[in-house]
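Note sheet for the following structure.
All of the numbers you see were taken from the coordinates with simple rules; none came from a lab. Nothing here was measured: the structure is a model prediction, and the numbers come from that model. Cβ placement follows ideal geometry from the backbone for every residue including glycine, while neighbour counts extend to all protein chains displayed.
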Amino acid sequence: MAGRYRSPLTWADVTPKSLYMNRRQIMAGGGAMLGAGLIGGEAQAQGDLEPNTWEHITTYNNFYEFGTGKTDPAEHAHRMTIEPWSIEIDGLVDNPGTYSFEQVMDGMTVEERIYRLRCVEAWSMIVPWNGFELADLLNRVGVQDGARYVAFETLLRPEEMPGTRFPVLDWPYVEGLRLDEAMHPLTIMATGIYGEPMPNQNGAPIRLVVPWKYGFKSIKSIVRMTLTADEPPTSWNVANAREYGFYSNVNPNVDHPRWSQATERQIGAGIFAGRIPTLMFNGYEEEVAHLYEGMDLTVHY
Ligand SMILES: Nc1nc2c(c(=O)[nH]1)N[C@H]1C(S)=C(S)[C@@H](COP(=O)(O)O)O[C@H]1N2
Ligand SMILES: [Mo]
């Protein structure tokens, strides 16, 4: 392995922090920027962010590399080898290289963030993620002038991923964010759920979580990140550009061509619970609306 490291990260210039905020601290308001503390009053009013059960979060998944059924990932993702794991970080960065998972985690501030995950299929669940801000990692590798986007890529290992034998998507799964979206403090690299290491079906060992965008932007099991000048391709946009744009911000006013985005079904709420209204930017409007000032979100969907 050692020979593969082109440019090992040295975090020497960074003060290591090992703060881990547990849920109680966050709920008590210990972190103004965290979880429930961040969402607006409107979101609070439709029900506080009471997390879904471990069972729901780990058995109702989208991870097409393991099949397109909701229970396929729970059934097959155990076949994915996650040790050792490394992430290649390249493109317009000062310190490109192949970093082991351990190097990436070294000194990172892992916190719990309770976010709603809103799927484009119009269901949602509340997940207590553990992770660190993507901005912290990007700052460490040094983003160069001229970088305007971050491209992400998922592991592609057909012998461990039965779903990739079918051309459902253009494998490997790829996603992208504009640099300011990637640097936003709500954007995290998640490495666990409920304080446990990330289950394979949820994107072990490390995945993106962007709470104001549809679930598919939150790419799982990341093996590569590339800083680019141009907007990178994204798997769902490549598969069907009319239905899935680059931005894919949660927006109750812009329907998917085949169904409404105005409401959502809460996974685990019970069959009598009824649908709830979907909030602009998934309830994070105050925090992120400024990123899209002057953009027509019906064009840039
Ligand atoms: N690599 C990869 N990442 C992915 C997907 C996928 O199929 N492959 N599905 C996306 C979709 S559509 C959703 S809704 C979320 C689901 O995350 P969860 O299973 O942890 O709830 O993962 C996203 N990330
Ligand atoms: Mo999704």
Q. Relative to the present Cα-Cα distance, how much length would full extension add between Asp255 and Glu83 at 0.36 nm per residue of separation?
A. 57.9 nm
Q | FRET efficiency for Glu159 and Glu293, using Cβ-Cβ distance with R0 set to 35 Å, rounded to 0.05 | A | 0.15
Q: For Val93, list long-range residues whose amide hydrogen, built 1.01 Å from N in the peptide plane, is under 5 Å from its own amide hydrogen.
A: Gln144
Q) Hey, what D do you get for segment 11-292 in µm²/s if you plug the Kirkwood alpha-carbon radius into Stokes-Einstein at 4 °C and 1.567 mPa s? A) 68
Q | Label-to-label distance, nm, for residues given as Glu102 and Glu286 (7 Å Cα→Cβ offset) | A | 4.3
Q. Each residue of segment 229-240 in turn: what ³J(HN,Hα) in whole Hz from Karplus with 6.51, -1.76, 1.60 and θ = phi - 60°, glycine and Pro shown as x?
A. 8, 10, 4, x, x, 10, 3, 6, 5, 5, 5, 7
Q) If you plug each phi of segment 89-105 into the Karplus form 6.51 cos²θ - 1.76 cosθ + 1.60 with θ = phi - 60°, what whole-Hz ³J(HN,Hα) values come out, in order, with x for Gly and Pro? A) 10, 9, x, 7, 10, 6, 10, x, x, 9, 9, 5, 3, 5, 5, 4, 7
**Q.** Whole-Hz couplings from phi, Karplus 6.51/-1.76/1.60, listed for segment 241-249; x for Gly and Pro
**A.** 5, 5, 8, 9, x, 5, 6, 6, 6
Q: Divide the volume of the convex hull of the Cα atoms of segment 203-300 by its number of residues and quote the answer in cubic angstrom per residue.
A: 143
(Q) Going by amide H atoms built from the backbone, whose H comes under 5 Å of the H on Met225, apart from near neighbours? (A) Glu88, Ile89, Asp90
Q | segment 65-94 residues near the modelled Phe166 label - backbone nitrogen below 18 Å, point 7 Å along Cα→Cβ | A | 65-79
Q | segment 268-301: GluC sites (Glu not before Pro) in DSSP loop, at most 16 other beta carbons within 10 Å | A | Glu293
Q) Counting Lys and Arg as +1 and Asp and Glu as -1, each charge on the Cβ, what is the dipole of segment 11-292 about the Cα centre in debye, to the nearest 20? A) 620
Q | segment 40-172 pair-distance distribution - Cα-Cα, 5 Å bins, rounded % | A | 2, 8, 13, 15, 17, 19, 15, 9, 3, 0
